[in-house]
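I have placed the structure first, in the form of structure tokens, so that the comments after it can refer back to it.
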Amino acid sequence: MRPLPPTRRALVRFAALAGVAGLTPGLAGCVADGLVTGSAVPERQSAFDVSPVLLVATTRKPVGNPPKSPYFSSDRGRGLSFAEVRLSAPDRSLLGKVSSAISDDWGVVSVPKVESGAGAAAAFAQAAFGRDVLIYVHGYRESFQSAALSAAKLSDGIRFRGASALFTWPSAAATFDYGYDRESALWSRDAFEDLLKALANSPSGGRINIVAHSMGTLLTLETLRMLRAEAGEAAMARIGAVVLAAPDIDIDLFTNAVERMGPDVAKITVISSTNDRALELSGAIAGGVVRAGAADRERLEALGVRVADASDYGGGLINHDLFLSNPDVQGVVKRAISRGGGGA
């Protein structure tokens with residue numbers, strides 16, 4: 001039976017909750033690998049805080065040449081592009097904390113140049129040479145700038161010691177463009193695979209760690225399936241941790257993808273929450289099938305993935321992105337990367 005299209009009432013409710021999500025960046029959801037209350041990330045300066053340069057690979061269309069704000073649009077570009085993006089760090093001084101309303105977040109300062117085309121993946125690999133890499137893959141309804149700031153928060157929050165990176169695909173960054181976002185994410189699979197191949201073929205020996213959020217987990221799983229099928233075990237051996245935070249994937253599709261991963265399923269950690277309202281609504285829009293990020297822990301663990309269930313850690317209405325703000329949930333990401341042998 002074909003799923004019924006979403007009702008207007010469901011779409012309006014989705015818009016309302018998505019709007020709240022945009023105003024509450026500290027909310028989140030997870031899967032269970034053993035969340036430990038009070039296991040705060042050590043207060044040690046991150047490599048990204050010392051040198052706030054974000055390696056960006058994107059399938060978005062660049063804005064201007066040389067690039068100008070907003071640097072990358074919601075339109076689809078011509079293949080992969082690479083840029084080293086300069087960010088400004090939050091003011092962590094006492095004065096900065098007092099005036100936190102204007103100075104407590106990361107910001108994009110400049111994008112000096114963009115390299116597009118056949119050499120983009122190799123340029124990224126060269127920029128990361130000799131270091132472990134943490135690649136953040138964002139979800140639905142994200143602009144380039146919001147995705148870049150999330151990548152910075154993630155890397156700094158877990159005190160990652162290697163190269164911090166973002167793979168950003170052409171999200172429309174609009175509430176009612178869920179369909180466009182999903183198709184754009186899937187359209188970006190080949191470019192993401194090219195990037196992972198270039199990193200896997202680099203002689204530096206660094207680990208490739210991936211943290212994907214929401215709809216970005218669909219792109220990540222599909223790309224890893226392709227990488228394993230086409231590049232084999234040698235390429236997959238360079239993959240360290242794969243953390244899927246609040247995966248916005250039909251549970252049946254998720255099951256099929258994971259089963260194709262073979263022994264590499266052991267690299268996957270899922271952060272889930274059975275009270276993730278964003279996943280509840282995306283499931284309604286997609287035909288009513290439960291999303292992997294809102295599935296029961298036992299069902300996920302039966303597939304061989306690690307699960308960190310953050311159902312009890314969300315303190316708000318949406319509960320969709322705790323991995324960016326909650327120290328206990330960030331600890332899940334940090335431990336996953338440590339198990340994978342790279343960088344945190």
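Among the residues of region 289-304, those that are at pLDDT below 95, not in a helix (DSSP H, G or I) and not acidic (Asp, Glu) comprise VAL289, VAL290, ARG291, ALA295. Which one is modelled with the lowest pLDDT among residues in region 307-344 that are among the hydrophobic types (A, V, I, L, M, F, W, C) and part of a helix (DSSP H, G or I)? Among those residues, the one meeting the criterion is LEU322.
Of all the listed residues (GLU222, GLU142), the sole one being within 28 Å of ASN256 (Cβ to Cβ), surrounded by fewer than 24 Cβ atoms within 10 Å (Cβ to Cβ), among the acidic types (Asp, Glu) and within 17 Å of the chain's Cα centre (by Cα) is GLU222. Against the condition open to solvent by less than 40 Å² (accessible area, probe 1.4 Å), in contact with a Phe, Trp or Tyr (Cβ under 8 Å, 6 or more places away or on another chain) and hydrophobic (A, V, I, L, M, F, W, C), how does ALA185 come out, does it pass? Spelling it out, ALA185 is indeed open to solvent by less than 40 Å² (accessible area, probe 1.4 Å), in contact with a Phe, Trp or Tyr (Cβ under 8 Å, 6 or more places away or on another chain) and hydrophobic (A, V, I, L, M, F, W, C). Criterion applied to ASP194, ASP177, ASP181, ASP252 was being of a type in the set (Asp, Glu) and either within 16 Å of LEU80 (Cβ to Cβ) or in contact with a strand residue (DSSP E or B) (Cβ under 7 Å, 6 or more places away or on another chain) (or both), and the one residue passing it is ASP194. Checked against the criterion of being modelled with pLDDT under 95, among the polar types (S, T, N, Q) and either outside any helix (DSSP H, G or I) or on the phi < 0 side of the Ramachandran plot (or both), the candidates THR175, THR223, THR217 yield just one match: THR175.
Looking at region 191-211, which of its residues are under 19 Å from the mean Cα position of the chain (by Cα) and either surrounded by 24 or more Cβ atoms within 10 Å (Cβ to Cβ) or under 17 Å from THR58 (Cα atoms) (or both)? Result: ALA191, PHE192, GLU193, ASP194, LEU195, LEU196, LYS197, LEU199, ILE208, ASN209, ILE210, VAL211.
The values are calculated or read from the model by the stated rules, or taken from the named source; none is laboratory data. As the structure is a computational prediction, the values presented were derived from the model and not from experiment. We place every Cβ from the backbone using ideal geometry, glycine too, and count neighbours over all the protein chains shown. Protein only, heavy atoms only, side chains kept; ligands, DNA and RNA dropped before computing areas. Shrake-Rupley method; radii C 1.70, N 1.55, O 1.52, S 1.80 Å.
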